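Asker: One structure coming up, written as structure tokens, with questions to follow.
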Amino acid sequence: MQRLSSLAVFSCLLKRELLLGLRHRSELLHPLLFFLIVVTMFPLALGPEPEQLRQIAVAVIWVAAVLASSLSLDMMFRSDFEDGSLEQILLSAQPANVLVMAKVLAHWLLSGAPLIVSALTLSYFLYLPQSATVPMLATLLLGTPIFSLIGSVATALTVGLRGGGMLLALLILPLYMPLLIFAVSAVNNAVQGLSIKAELYFLSALLVLALTLTPFATTASLRIRLS
Amino acid sequence: MFGPLDKYAAPERFYLLCKSMGPWLSAISLLLFLVGLYGGLVYAPSDYQQGDSFRIIYVHVPSAWMSMFVYVVMAVSGAMGLIWKVKISDAIARSCAPLGAAFTFLALATGSIWGKPMWGTWWVWDARLTSELILLFLYFGYMALQAAIEDRRMAARAGAILALAGLINIPIIHYSVEWWSTLHQGPTVSKMDAPSIHTSMLIPLLIMFLAFKLYFFAVLCMRARCEIIEQEKNSRWVKQLARGGVDS
Amino acid sequence: MMEQLNEFVHMGGYASYVWSAFGLSVVILMAGFYLPMQKEKSILQKIRKNLERMERSK
């Protein structure tokens, strides 16, 4: 039997995940619609004055993005857990970390990337100044992968549990708080014309930390849940 | 693996150890509580700025310290259970969570009672109170996960991973919240530190701290006993214990 | 003597805060001590009842 390289398996699994994800398009849209609806409620509750909306725009978009991404995590492992293919993936001769990372990357491409696009669009609707668009994009680019990475640990721990979705949110939201603080503070600094370097460094550090540690934690969690 | 401690890693031995240690720890901690309360409420002079309200630190600060300490104990013993498959570390980790949550709640409640005369409101989004609140959420998350997973072994191991993830996050949360609060420095100066603490104020605080710590270990012993007999309820020694020690 | 006691209870005008903080701590710590004691008893009782039921059904 021919032994495949890890990279080949990684891309193979990534392709499979993307294909499966795109086949269930409506499922991908749910978190985005949720995001849209939550953000829409703020002008309705607060009133349509641009000045007021501008002030809360960053906070609203980031909080709604955190909530939407915590809802989207549920689909990362569930269907594979239910039909047993997750077990097969973990039992394969390939390093499980690599395979888990392929799933996380696919999840980010399918849910994180669309979230970035819609967040930027919504920031226009909430009158966020033009100067803040690039910083917003930067924080989202650094932040959404961290959502998927940290989220993968909690998703793996709660996969297959009754009421897993709500439990998942309870576990994951406190861990997202540092991310929220740095991201919102970066964009707010940009609005005021201050430097955002420090916050971006922190976000990058968090991303690197999450990238190095979470694959192991996620694999271990999946092994525990499947034992 | 633990050298001379190895024999206590057997659940039955550990149960007996807890049973014999428990009363001693409780007694010493009660004694220290009485001394510390006397020291804090009577012996320590009142603060020149905060008056007698500063005496709340004698319960607030030790419970805040304990809330962090218990999380570390929970994560470390969870990790030991995960790596070396020691049954008793699972029991210890599971016993820590409600206790840690109680300390965290106490730190929050006494902090807000202290805040009322100092700041004029029951709650201020002060850096320390906010990170304490997030810590409470972390404890609740752990307890929710424990409740959701039926199998005790699996629950303990899943909890260990969650606790380790939380442990890595606690310094980050702490730092980011400090960052956030310096950014939004309101009109009220949030300084909960005992200003330039005097020795006569410090000694009761240290005694209270010891009392809290021993209290934690005493209650941990009791909780771990519950966890162990529940975990081992099909073993012979637990059945004997349930029958009142007589094997009939 | 009475005056000193009065002054102690009064806590320099902060009586309600100081005593509620200490009272809450005592209540929570006592409950934390009492509950596991009861729990162990009830667990052992449950195990004993189970054993008795199994013996009777034999």
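The values are calculated or read from the model by the stated rules, or taken from the named source; none is laboratory data. All of these numbers come straight from a predicted model, not from anything done at the bench. Glycine gets a Cβ as well: all are built from the backbone with ideal geometry, and neighbour counts include every protein chain shown. Only protein heavy atoms, including side chains, enter the accessible area calculation; ligands, DNA and RNA are left aside. Shrake-Rupley method; radii C 1.70, N 1.55, O 1.52, S 1.80 Å.
Asker: Given the conditions (1) within 12 Å of chain B (Cβ to nearest Cβ); (2) hydroxyl-bearing (Ser, Thr, Tyr); (3) closer than 30 Å to A:Leu44 by Cα; (4) open to solvent by 40 Å² or more (accessible area, probe 1.4 Å), and given that A:Tyr176 satisfies all but one, which numbered condition is not satisfied?
Answerer: A:Tyr176 satisfies all of (1) within 12 Å of chain B (Cβ to nearest Cβ); (2) hydroxyl-bearing (Ser, Thr, Tyr); (3) closer than 30 Å to A:Leu44 by Cα; (4) open to solvent by 40 Å² or more (accessible area, probe 1.4 Å) except (4).
Asker: Please pick out the residue among A:Leu167, A:Leu161, A:Leu171 that is out of contact with any strand residue (DSSP E or B) (no Cβ under 8 Å at 6 or more places or on another chain) and buried (at least 24 other Cβ atoms within 10 Å of the Cβ). Lay out the reasoning, then the answer.
Answerer: Working: A:Leu167 fails: buried (at least 24 other Cβ atoms within 10 Å of the Cβ); A:Leu161 fails: buried (at least 24 other Cβ atoms within 10 Å of the Cβ).
Matching residue, one of A:Leu167, A:Leu161, A:Leu171: A:Leu171.
Asker: Inspect all residues belonging to the range B:57-75 and state whether any of them is touching a His at 6+ places or on another chain (Cβ under 7 Å), under 25 Å from B:Met201 (Cα atoms) and buried (at least 22 other Cβ atoms within 10 Å of the Cβ). Walk me through how you get there before you give the answer.
Answerer: Looking only at the range B:57-75, we keep the residues that are touching a His at 6+ places or on another chain (Cβ under 7 Å), and these are none.
No.
Asker: Go through C:Met1, C:Met30, C:Met54 for me and flag whichever is more than 7 Å from chain B (Cβ to nearest Cβ), open to solvent by 100 Å² or more (accessible area, probe 1.4 Å) and under 14 Å from B:Leu106 (Cα atoms).
Answerer: Values: C:Met1 fails: under 14 Å from B:Leu106 (Cα atoms); C:Met54 fails: under 14 Å from B:Leu106 (Cα atoms).
Result: C:Met30 is the single residue among C:Met1, C:Met30, C:Met54 that is more than 7 Å from chain B (Cβ to nearest Cβ), open to solvent by 100 Å² or more (accessible area, probe 1.4 Å) and under 14 Å from B:Leu106 (Cα atoms).
Asker: Right, something else. So is A:Ala205 under 17 Å from the mean Cα position of the chain (by Cα), farther than 30 Å from A:Asp80 by Cβ and free of Cβ contacts under 8 Å to residues at least 24 places away in the same chain or not?
Answerer: So A:Ala205 fits the description; yes.
Asker: Report the residue count in the range B:125-148 for those that are within 21 Å of B:Val86 (Cα to Cα) and buried (at least 21 other Cβ atoms within 10 Å of the Cβ).
Answerer: Selection size over the range B:125-148: 2.
Asker: Sticking with this one: Out of everything in the range B:81-124 that is of a type in the set (Phe, Trp, Tyr) and in contact (Cβ under 8 Å) with a residue 60 or more places away in the chain, what residue ends up being farthest from the other protein chains (Cβ to nearest Cβ)?
Answerer: Step one: list which residues in the range B:81-124 are of a type in the set (Phe, Trp, Tyr), which gives B:84, B:103, B:105, B:114, B:119, B:122-123.
Okay, now just the ones that are also in contact (Cβ under 8 Å) with a residue 60 or more places away in the chain, so B:84, B:103, B:114, B:119.
Details: B:Trp84: 15, B:Phe103: 9, B:Trp114: 7, B:Trp119: 12 Å.
Among those residues, the one meeting the criterion is B:Trp84.
Asker: Among the numbered criteria (1) open to solvent by less than 20 Å² (accessible area, probe 1.4 Å); (2) under 13 Å from A:Ser70 (Cα atoms), which one does A:Thr139 miss?
Answerer: (2)
Asker: Of the residues that make up the range A:115-131, is at least one at the interface with chain B (Cβ under 10 Å from one of its Cβ atoms), part of a helix (DSSP H, G or I) and under 18 Å from the mean Cα position of the chain (by Cα)? Full working, then the answer.
Answerer: Here is the first cut: in the range A:115-131, the residues at the interface with chain B (Cβ under 10 Å from one of its Cβ atoms) are none.
No, there is no match, as no residue in the range A:115-131 is at the interface with chain B (Cβ under 10 Å from one of its Cβ atoms), part of a helix (DSSP H, G or I) and under 18 Å from the mean Cα position of the chain (by Cα).
Asker: Let me ask something else about it. Write out, first by first residue and then by second, each pair whose Cβ atoms fall under 9 Å of each other, whose residues are 6+ apart or on separate chains, and whose first residue, in the range C:31-46, is within 12 Å of B:Cys221 (Cα to Cα) and part of a helix (DSSP H, G or I) while the second is among the basic types (Lys, Arg) and open to solvent by less than 40 Å² (accessible area, probe 1.4 Å).
Answerer: Filtered contacts from the range C:31-46: C:Pro36/B:Arg225; C:Glu40/B:Arg225.
Asker: In the range C:13-27, how many residues are in contact with a strand residue (DSSP E or B) (Cβ under 9 Å, 6 or more places away or on another chain) and either at pLDDT 90 or above or surrounded by fewer than 16 Cβ atoms within 10 Å (Cβ to Cβ) (or both)? Write out each step before concluding.
Answerer: Applying the first criterion (in contact with a strand residue (DSSP E or B) (Cβ under 9 Å, 6 or more places away or on another chain)) to the range C:13-27 yields C:13-14.
Checking the rest, the ones that are also either at pLDDT 90 or above or surrounded by fewer than 16 Cβ atoms within 10 Å (Cβ to Cβ) (or both) come to C:13.
Going through the range C:13-27 one residue at a time, the tally reaches 1.
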